[in-house]
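Take a look at the structure below.
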Amino acid sequence: MPAKLIARSGGMSDHLQVMASEVGLPVVVPERIPSSRRALEAAEFARKHDRHEAFHRVVFRKSYGEGQDLHDWSVLRAAAAEVDLDPEAMERETAAGLFVDAVDIVSNQAKSL
């Protein structure tokens with residue numbers, strides 16, 4: 001991992017790797033931090049269809065366990081299909097901006113904390 005990214009993460013990836021190894025899970029540390037905004041919005045599509053937790057688990061695995069880029073539509077479509085969501089509908093509704101406000105609300109709440 002580049003020094004700039006290590007400094008930015010504040011050792012978070014080291015802590016994550018220790019926790020994962022304690023329970024026998026793989027962790028892939030990316031060379032760059034991908035934007036997770038699209039995945040957060042896609043997760044709201046999953047919430048709308050009562051599949052949020054399952055989708056979250058798959059996306060987490062794809063990102064941290066497999067090193068896949070959560071900004072990539074093919075990764076998100078595969079995650080949707082894995083939890084019995086319609087991948088095309090997820091992409092269409094997410095790309096149309098239907099979940100921007102929901103993610104903005106949560107992001108603003110987190111920032112205020």
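Over all alpha-carbon pairs of region 30-113, lay out the pair-distance distribution in 5 Å bins, whole %, shortest bin first.
Pairs per bin, as whole percents: 3, 16, 27, 25, 18, 9, 2, 0.
Just reorder E66, E91 by solvent-accessible area, largest first, 1.4 Å probe, all chains present.
If we order E66, E91 from most to least accessible, we get E66, E91.
Give me the one-decimal nm value for the distance between modelled label points at S107 and A78, 7 Å along each residue's Cα-to-Cβ direction.
Here the answer is 2.6 nm between the modelled labels.
Using a 1.4 angstrom probe with every protein chain in place, what is the largest-first accessible-area order of M19, M90?
M19, M90
Going by accessible area, probe 1.4 Å, with all protein chains left in place, what is the ranking of L98, L70, L40, largest first?
Correct descending sequence by accessible area is L98, L40, L70.
If you average over every viewing direction, what projected area does the convex hull of the Cα atoms of region 27-79 give, in nm²?
Averaged projected hull area, Cα only: 3.2 nm².
The values are calculated or read from the model by the stated rules, or taken from the named source; none is laboratory data. For clarity, every value in this text was computed on a predicted model and none was experimentally measured. So basically every Cβ, Gly included, is an ideal-geometry build from the backbone, and we count neighbours across all protein chains shown. Keep in mind that these areas ignore ligands, DNA and RNA; they rest on the heavy atoms of the full protein, side chains included. Shrake-Rupley method; radii C 1.70, N 1.55, O 1.52, S 1.80 Å.
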